[in-house]
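Worksheet: one structure, shown below.
Since every read-out is calculated from the coordinates, none of them should be taken as a lab result. This structure is a prediction, so every number in the text was calculated from the model and none was measured. Ideal geometry is used to build each Cβ from the backbone, glycine not excepted, and the neighbour counts take in all protein chains shown.
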Amino acid sequence: METTEPNPQPEQPVQPEEVITKVVEKSCLNCGTPLNGKFCSSCGQKDLPARQDLGDLVVNFISSFFSFESKFFKTFKDLVLKPGKIVNEYNAGKRETYYHPARMYVFLSFIFFLTLSFVVSTDDIEVGKDGDLNEINQNKIDSIKNGVDSIKNGVDSVRKIQGLKFEPVSDDLDAETVEQYDSLQAALPEEERDDFITRYFNRKALAVETKSKGKESELVRGMLDDMYSNIPQLIFFLMPIFALFLKLLYVRRDFYYSEHLIFTIFYYDFAYLMGTFIILCQQVSWLEWLGYVLYLWMFIFLYKSMRKVYKQRRFKTLLKFSMVLGLFFMCVILGAAGLALIAFIRL
């Protein structure tokens, strides 16, 4: 007896088993950007584990220190020995090779003024009971007095051209107090009274003189302290002016103002560094000669930097070097006179 096999059911296609592969994509722990290498393309942070054991911590600390040290000392070497090289390379886009000029400015200016504060102080300036400075210390503020005189002469010249009257404060002032001065002014016809600026300084001088009777030394020292504390701000605010002078002198050259400013910042960094070394050399008798050499190198460095960066002939570079120094020192004198004026107003 034949047995018939049942018709086999059509075989169902075998569905391939879905293999779920979990891909873990690394991302920056700082900003969350997907990582394609050892460093984040967005914020620059290195790919490090969130939790580090002691060994990882020590290794990363040492590597970061040597990375900073290498960049800093390369900048230090080129800044001192290779005029104009850093400026050219920085403006060409090679910026990660060197330490950032603004950060270096903060660091070196801090070191300079810290060193200066240990060596120079207004306490070293001897002030007599009547507020007079001795001859040696008087020389230390000659430039300030010259600046004040230049401002006064300039104001007088402008007022003469405009036909205005200007009678500065003098020892011949009849009044001895502010009240007496106001009374004398009120008694005069309106056209003979002092103008606003003259009246302000006459009243201020009388008020200071009245307040400081018997305290002249404290008055002078207070003004010197005020001026000394504002020197860093003065030097900082002269930076864009120096860059502006370079822009005007090289107006036909293809340089942005920002590139002149980079030149100025790097030169400021160099000057602060040299200034620190000069101060230290002056404290050691047998190294004083080196201080004079470094002081001379500051001027040679500026000339050579201008020649290397702006690529003009020696005579043109020397002429513009002299002009930019002359204009800058004039601004320094005017700035010092301004500090003296501000210190006087604050009394």
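What the table shows:
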item	result
Binned Cα-Cα distances of the stretch 192-336, short to long, each 5 Å bin given as a whole percent	2, 8, 12, 14, 15, 12, 9, 8, 9, 7, 3, 1, 0
Added length on full extension, which subtracts the Cα-Cα distance from 0.36 nm per residue, Asp47 to Glu209	51.6 nm
Spacing of the two label points (7 Å from each Cα toward its C-beta) at Tyr200 and Tyr295, in nm	3.8
Amide hydrogen neighbours beyond the local backbone of Leu35, cut-off 5 Å, H modeled	Lys26, Ser27, Cys28
FRET efficiency for Ser322 and Phe237, using Cβ-Cβ distance with R0 set to 25 Å, rounded to 0.05	0.60
